[in-house]
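A short reminder: the numbers here are calculations on the coordinates, not readings from a lab. Nothing here was measured: the structure is a model prediction, and the numbers come from that model. Don't worry about glycine lacking a Cβ; one is built from the backbone with ideal geometry, like all the others, and counts go over all protein chains shown.
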Amino acid sequence: MTNSMIARRYAGALFALGREDGDDAIGRYGADLVAIGNEIAAVPALDTVLKSPIISPAEKKAVLDAVLQKMNVNRTVRNFCLLLADKERLAFLGDIVRCYSTLLDEARGIIRGRLTTAVELTEDKQAAIRATLEQKAGTGIELGFDVDPDILGGVVLKVGDKVLDASLRAQLAILRETFKRGE
């Protein structure tokens, strides 16, 4: 079984539990998972301990339980993380957090994307672009903005697994290929 399959199954199981507890529970579970993921990322030694094959599941569980109690996470999320320790699946926690976030976005009808431009956009321009894209998509969009001077001009929009490259760099590459073929 691949890592992504494992992560999707565990994330789906926690998401299903959240659905049973109500729609607000899935949001709380997601927030707790993200907080746990951030805590583990912020403390590399903790990440090393949780992923180490040398350390026993019981020891990992004790360390994780102390961290989770300190963070005051939801009981269901705490039990879920301790189950991951029992099943020796803590190495997949980062992937599980990402899969859960994707499920949460789908349930809320939110699309995530990144817009890359050659120059910094003002807040007003960013809001206008976001509003236009939300209107075209017919759903909410969480849009991040990047600046990459190498694209020369235009935009590169990445939403999910789709990429719209309307950059000047891409247009020049197409023109270059056209000249090479002699068209």
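How tilted is helix 23-42 with respect to the longest principal axis of the chain? Cα atoms for both, answer in degrees (0 to 90, nearest 10). With rounding to tens, the tilt is 90 degrees.
Only one of (i) 0.92; (ii) 1.11; (iii) 0.96 was calculated from the structure for Rg/Rh (Cα atoms, Kirkwood Rh), and its label is (ii).
Which of rounded, prolate, oblate describes the range 87-148, given a ≥ b ≥ c as roots of the alpha-carbon gyration tensor eigenvalues and a/c under 1.5 marking rounded, otherwise prolate only if a/b is larger than b/c? Taking the square roots of the gyration eigenvalues as a ≥ b ≥ c, the range 87-148 is oblate. Using Cα pairs under 8 angstrom and six or more residues apart, how large is the relative contact order of the chain, in percent? Answer for the chain is 20 percent. Averaging the Cα positions of each part gives two centres, and for the range 1-68 and the range 97-130 these lie 24 Å apart. For the range 50-126, the extents of the C-alpha atoms along the principal axes are 52, 26, 22 Å, listed from largest to smallest. Ordered from longest to shortest, the equivalent ellipsoid semi-axes for the range 11-78 are 24, 12, 11 Å, each the square root of 5 times a Cα gyration tensor eigenvalue. Within the chain, DSSP assigns beta bridges of which about 60% are antiparallel (rounded to the nearest 5). In this Cβ point-charge picture (+1 for Lys and Arg, -1 for Asp and Glu), the chain has a dipole of about 400 debye about its Cα centre.
Helix 168-181 and the long axis of the chain differ in direction by around 60°, with both axes built from C-alpha atoms. Would you mind telling me the antiparallel percentage of the DSSP bridges in the range 110-181, rounded to 5? Here the share of antiparallel DSSP bridges comes out near 60 percent. Straight Cα distances below 24 angstrom link Lys70 to the lysines Lys51, Lys60, Lys61, Lys87, with same-chain residues fewer than 8 positions distant left out. For Asn3 and Ala66, the difference between the fully extended length at 0.36 nm per residue and the C-alpha to C-alpha distance is 20.0 nm.
Where does helix 93-108 land angle-wise versus the long Cα axis of the chain, in degrees 0 to 90, nearest 10? The two axes meet at around 60 degrees.
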